[in-house]
Amino acid sequence: MSSFEVEQVLIGHPLVLECAVYAVPSALGEDSVMAAVVVSDPDAFTVEDVIDFVSPRLPYFAVPRYIDVLDELPKTSTQKIRKAALRERGVTGTTTDVGPRKRRTT
């Protein structure tokens, strides 16, 4: 599953205005999924709500482990999101770690 596909699900959340999904290194060896989001109402937005929104719409391995709520996403002069800058920034003190996702059973 591509980052674009995960972004399309995230952007479907009513409070998410803009987002970027990218991989960050994990202590377990495989990369983890991280999402940076810009939201319309930071007071109403919760990470738990967005995880509840995306979880039934994505395979367990594509649900972001880390979510960073930002005022704006870094962009180039042509308004493309600078994912390399976000990857370089990585997990910070303001990043929420929602923990590893487990395979859903039906």
For this session: Could you tell me whether any residue of the stretch 39-60 is surrounded by 17 or more Cβ atoms within 10 Å (Cβ to Cβ) and closer than 13 Å to residue 20 by Cα?
Result: yes
Exercise. Given the conditions (1) exposed (fewer than 14 other Cβ atoms within 10 Å of the Cβ); (2) outside any helix (DSSP H, G or I); (3) of a type outside the set (A, V, I, L, M), and given that residue 4 satisfies all but one, which numbered condition is not satisfied?
Worked result: (2)
Exercise. Quick one: which of 60, 22 is of a type in the set (Phe, Trp, Tyr) and at pLDDT 95 or above?
Worked result: 22
Exercise. From the set of residues in the stretch 7-24 that are touching a helix residue (DSSP H, G or I) at 6+ places or on another chain (Cβ under 9 Å) and part of a loop (DSSP other than H, G, I, E, B), which is farthest from residue 83 (Cα to Cα)?
Worked result: 14
For this session: Filter the stretch 55-102 for residues that are in contact with a helix residue (DSSP H, G or I) (Cβ under 6 Å, 6 or more places away or on another chain) and closer than 15 Å to residue 7 by Cα and give the result.
Result: 57, 58, 62, 63, 67
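Looking at the stretch 25-42 only, could you name the residues that are at pLDDT 95 or above and either outside any strand (DSSP E or B) or in contact with a His (Cβ under 9 Å, 6 or more places away or on another chain) (or both)?
The answer is 37, 39, 40, 41.
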For this session: Among the residues of the stretch 68-88, count how many are free of Cβ contacts under 8 Å to residues at least 12 places away in the same chain and either crowded, with 16+ Cβ neighbours inside 10 Å or in a strand (DSSP E or B) (or both).
Result: 1
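The values are calculated or read from the model by the stated rules, or taken from the named source; none is laboratory data. Computed from a predicted model, the values in this text were never measured in an experiment. Cβ sites come from the backbone with ideal geometry, for glycine too, and all protein chains shown count toward neighbours.
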